[in-house]
Structures are given as C-alpha cells and as structure tokens.
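The values are calculated or read from the model by the stated rules, or taken from the named source; none is laboratory data. All values derive from a computational prediction rather than experimental measurement. Note that we place each Cβ from the backbone using ideal geometry, even for glycine, and neighbour counts take in every protein chain shown. When the accessible area is computed, the model is the full protein with side chains, heavy atoms only, and any ligands, DNA or RNA have been set aside. Shrake-Rupley method; radii C 1.70, N 1.55, O 1.52, S 1.80 Å.
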Amino acid sequence: MDNNIYKFTGNPFVDAGIWSICEWVKKGNPEDLDKSDLKRISGDIVPLYLTDNWGKNIFSIFPNNPITNPSVKDKKIRYSDYLNEVIEDIDRIPSNKSGNCIACGRRNVGDIRTKSEIPLIGSGKLINFFPSGQSGGDYCPACTFAVQFSPLVLYKCGKLLLVHSNSDKIMRSWSKKAIKEVRRQILMKDYAGCFNEDFTNPRNALFQIIESMIREYDEKWFNENPSINLYHFTNYNQGPDLDMYHIPTPVFRFLAYVKLHERYNDWKKIVKKGYWVNWDKVKEENDYKNKTNSVYDNLLKNRSIVKYFINTKNKGVIGDWELFTFYLKEVRKMDEKRLETLKRVGDELSEYVKIRDDIKRLNDLEMAGNYNSFRNVLRKIVKDRIKSNADKPLFSLEEYVKDLFPDGNLGWRETQDLLLFRIYENLHDWLKSKRLPENEDEEALSDDKT
Ligand SMILES: [Zn+2]
C-alpha cells in the first residue's frame, strides 16, 4: 500500500481534475495532496457550480447530477454530501500497487460510476463501451472525486475543450491560467462559467490556448517536446459527442520559437493570410477569429504551409529565408543539405532571370500547373545556361533526385514554392523597379484555399 491519494493517471478527465486541485490548493505535486485539500476544494467550489452559468456548463458535463437535476431541492447539501461520501470512500478503499480502477489502476472500484459523475461513459440505457454491458464505469473514488473538478480547467468553445499533455509544464501553465480566471470570477462575483474567450472553432481555439500559454509563462519551451491532445466534447444528454485534435510536437516547438523570432510580426501576417475571410468586411477580431484558418488546419494535418510565405500576385515574400527555413527544418523536417541545394538553385535562377531580364521565364515557373510542365521550364533554363556557357550545371542528377524532387510527382508543388520564395526574396528590389502592378493589400489576398 502507498499513502498517496493521487498520482497522474494518463486519463484526461482525471488528470485535469488532479491539476485543478493542485492549483486550487497551491501544491505543485499531486503526491502532496491530502484529505484536507479535498475538503477545501469541495467547500470552495460547490457554491461556484451552483451559479447560473456554471450550472449550464455542468449540465453538459455531468447531466442529472444533483446540481443540474431540477427535481433536487437542496442542491448544495446534496452535492456536498455526495463529495464527502466519495472522500470517505477514498479512506475506505486504500490505494495499492494495483487496483481495478480503469483510470489509475492503483485503487479498487467501490460504486460503479455513471455519466452524471464521469463524462462520456454513457450509463443506464446509453451504454457505450462498458465491459459485459454493466451500467456504469469502473472508476475508483479518488479518480471520481478528481473528475468533479475538471470543469475548472475546461475551455468553452461551442462544446468544451479539455487540454491533455504529457508535459507537466504545459499542464501546469494551462491549469494556472484557467484557475486564475476562476479566482477572478469569485473575487469579482462575475460567475461567467468555464474559461471562455468567445471561440467556437476548436482548431483556432487550440492555437490560441497554446500561443497564450507560450506568451504568458516564461518557460524554456524550446526544450520541451510535449505531446498535446485536445478533446472537444459534450456530455449533453441528447447527444454526447467527442472530437480529438493532436498538436504535432514539431509544430509546438516551432510556435514556441517563432514568438522569439525578430520576424514574429511576419509570422502573424502568415497566420492572418490563412483565414477564409473577406478582409474588407472585417472590423474587429470577432469578425474573423472563428473562421476556418488554412495555416492552422494544415499545421494540424501535417501539410505544408510554404505557399503562405509567398505571394505570387505581387511576387513578394512574407518573412525572410531564415524564418522560412526554420519552419522547413523544424516542421517539415527538411535536412540542411536539401535546403542548401534549394537555396543555391534559387539563387542561380534569380541570376538567370535578372541577367537575361527574363520576366517571362519567371512567369513560366510560377504558372506551371503540374510536375511535367514545371520540369519542362527547368529543362529550358538548363539548356539556355549550357548555350551561354555557364560554369556549372544548374543541379546534378543526385541533387535533382534527392533535394529538388525527393517525392517526385507528389511534392513538386512545394519545391516550386520553395524556389519561388528564394527568387522573390533575391529579386525584390529588381522586380519593384520593373514596375510590376502594385498589390493593393497583401493580406486581402488569401490565395487559393486548398
Ligand atoms: Zn482510480
């Protein structure tokens, strides 16, 4: 037997609750939590849950529990009694090296738990995935108790978002931020409900959560390699539902670094370019913050966002080669050798266009709409260079296969954008002097949204 009430479990709802309790009683380590801490958070939080807005949120987290059940008269007494009974059960059923609780595996189950106590497990007639068709879930009293306080760190976004990470830094920063808001509400008597920044688009909310965490908490995020999952759910009686989102670790590391980058404002422009919105009609943040954002969506789906760094219409770039290659290395996992080749070939192509004053060839590079036509333009340039006795070939066969088109037909579009980025960056002043039609507003052009 060990004496700890809590250790982290890997179960997102239980861990969220444990972080809430730790943060509420200001203990950094779950193993330091004792019975008096559980009593304290019960006493403090039950009155909060009884307020209107919290009650509404609780309704879609724990339907039919004493707080949300209209037929229950003495809600405060009933729910407090319930929590006290669970605390007594924690004493009665000691933790051990092993137990049959499906969340912690350290303590045995007493009562079978229902969806009024643990979200998304169904119960009664709504049996989702219980073994042997039993009418509830195998959660021990300690895990059940913790889950009761998970709402304190949930984020309202249409449904609710639950943040879960293997990184203590992430979880600590997030619970600090959420609990700070709960304390503010209690202090100001402004009981607004779960943390809410008027997001309804969960993917955008997820980036907001991560970026605000990185911004507000002065941690060495760059050394952190977290796995972060977000669960967007409702346990509403009429239609429980769950969607999951995963932030790739390289994307997190990139976001952590980019806020320190001197070109951070350019990164913000790139993100803005991702919104599907008519910027002429935007007056305030609320007009776009919940619109689909292809930059965010592509980052989540592990797709390239290279095209958002360039603007083919006015032959310009956002950011510089350094910011661009940091993204390519960190998120796209491109190796140094490949980037060197792309840079050199981009430089040679820039020279070629400038010396020959050949905007048409540049247009051909831009306009090529498939792998074959793009290769064809490169072939023509190679021929021209041979005719004019260039010192070195534009690229070797090895560079062509390994660095320019490693995925052949599949990745050619990204290679096109990579080369165009370098050319536009090099020829910025020269292209300007050619008096290309000025682009009115770079941010108003949101390219094609594929
Ligand atoms: Zn447990």
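This table checks each residue for (1) without any contact (Cβ under 8 Å) to a residue 24 or more places away in the chain; (2) over 23 Å from residue 164 (Cβ atoms); (3) touching a Cys at 6+ places or on another chain (Cβ under 6 Å).
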{"site": "15", "(1), (2), (3)": "no, no, no"}
{"site": "34", "(1), (2), (3)": "no, yes, no"}
{"site": "42", "(1), (2), (3)": "no, yes, no"}
{"site": "64", "(1), (2), (3)": "no, yes, no"}
{"site": "67", "(1), (2), (3)": "yes, yes, no"}
{"site": "73", "(1), (2), (3)": "yes, yes, no"}
{"site": "80", "(1), (2), (3)": "no, yes, no"}
{"site": "87", "(1), (2), (3)": "no, yes, no"}
{"site": "102", "(1), (2), (3)": "no, no, no"}
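Would you pick out the residues in the stretch 192-209 that are open to solvent by 40 Å² or more (accessible area, probe 1.4 Å) and either part of a loop (DSSP other than H, G, I, E, B) or not basic (Lys, Arg) (or both)?
Step one: list which residues in the stretch 192-209 are open to solvent by 40 Å² or more (accessible area, probe 1.4 Å), which gives 192, 196-198, 200, 203, 208.
Residues satisfying the conditions are 192, 196, 197, 198, 200, 208.
Of (1) touching a residue at least 24 places away in the same chain (Cβ under 8 Å); (2) outside any helix (DSSP H, G or I), residue 212 satisfies all except one. Which?
Condition not satisfied by residue 212: (2).
Return yes or no: is residue 47 under 24 Å from residue 94 (Cα atoms) and surrounded by fewer than 21 Cβ atoms within 10 Å (Cβ to Cβ)?
No.
Considering only the stretch 276-304, state which residues are touching a strand residue (DSSP E or B) at 6+ places or on another chain (Cβ under 6 Å) and either of a type in the set (Lys, Arg) or open to solvent by less than 20 Å² (accessible area, probe 1.4 Å) (or both).
291, 293
Does residue 140 satisfy the criteria of being at pLDDT 90 or above, under 19 Å from residue 6 (Cα atoms), within 15 Å of the ligand (Cβ to nearest atom) and open to solvent by less than 20 Å² (accessible area, probe 1.4 Å)?
Taking the combined requirement at face value, the residue satisfies it.
Do you know which residues across the stretch 58-109 are more than 30 Å from residue 4 (Cβ to Cβ) and of a type in the set (S, T, N, Q)?
60, 64, 68, 69, 71
Tell me the residue from 427, 394, 431 that is at pLDDT 95 or above, open to solvent by less than 30 Å² (accessible area, probe 1.4 Å) and not aromatic (Phe, Trp, Tyr), please.
427
Would you tally the residues in the stretch 326-362 being open to solvent by 10 Å² or more (accessible area, probe 1.4 Å), within 23 Å of residue 264 (Cα to Cα) and of a type in the set (A, V, I, L, M)?
2
State the number of residues belonging to the stretch 143-155 that are of a type in the set (A, V, I, L, M) and near the ligand (Cβ under 9 Å from one of its atoms).
Number satisfying all stated conditions: 1.
Using beta carbons and a limit of 6 Å, which pairs, at least six apart or on different chains, have the first residue in the stretch 104-123 and closer than 12 Å to residue 63 by Cβ and of a type in the set (A, V, I, L, M, F, W, C) and the second one in a loop (DSSP other than H, G, I, E, B) and near the ligand (Cβ under 9 Å from one of its atoms)?
Going by the 6 Å Cβ cut-off, the qualifying pairs are 118/139.
Sort out which residues of the stretch 271-312 are over 23 Å from the mean Cα position of the chain (by Cα) and part of a helix (DSSP H, G or I), and write them in order of number.
Matches in the stretch 271-312: 279, 280, 281.
Looking only at the stretch 225-270, filter to residues that are assigned to a loop (DSSP other than H, G, I, E, B) and open to solvent by 60 Å² or more (accessible area, probe 1.4 Å); which one of those is modelled with the lowest pLDDT?
Looking at the filtered set, the residue picked out is 238.
Out of curiosity, is residue 323 aliphatic (A, V, I, L, M) and either at pLDDT 95 or above or surrounded by fewer than 13 Cβ atoms within 10 Å (Cβ to Cβ) (or both)?
yes
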